[in-house]
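Sharing a structure here in structure tokens format.
Read the figures in this text as sums done on the coordinates, not as results from a lab. Model, not experiment: these values are computed from the prediction. Cβ placement follows ideal geometry from the backbone for every residue including glycine, while neighbour counts extend to all protein chains displayed.
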Amino acid sequence: MTKKIELDPETERLVSTYCEKMHVDFNTLTNKALKYYIVNKLSSKEVRQAKRKNETDTKLINDLFQSNYSPWMND
């Protein structure tokens, strides 16, 4: 799924600096950051419900919970 993201100038400078320093592309950063944010905002019950809605996402949800316990950009 492709989405267009418009960053404000300050965020764009921060993202650019971070991506250069960490040698990560914008898409990778965006996906990891969104997953990290969402998993930390949803309750475990909500995650289980999402899991039941689409069993093909089981691996994704399991990966999100596992990565939640380590620094989120050290994958």
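What shape does the range 1-44 have by the C-alpha gyration tensor, where a ≥ b ≥ c are the square roots of the eigenvalues, rounded means a/c under 1.5, and otherwise prolate means a/b greater than b/c and oblate the rest?
Prolate, because a/c is 1.5 or more and a/b exceeds b/c.
Ok, one more. So what's the net charge close to K45: Lys and Arg +1, Asp and Glu -1, counting the other residues with Cβ under 12 Å from its Cβ?
Net charge around K45: +2.
Pairs K4/K41; K4/K35; K21/K51: which are spaced more than 27 Å apart, C-alpha to C-alpha?
Going by Cα-Cα distance, K21/K51 fall outside the 27 Å limit.
Now a separate question. Applying 1/(1 + (r/R0)^6) with R0 = 30 Å to the Cβ-Cβ distance of E6 and R48, what FRET efficiency is obtained, to the nearest 0.05?
0.35
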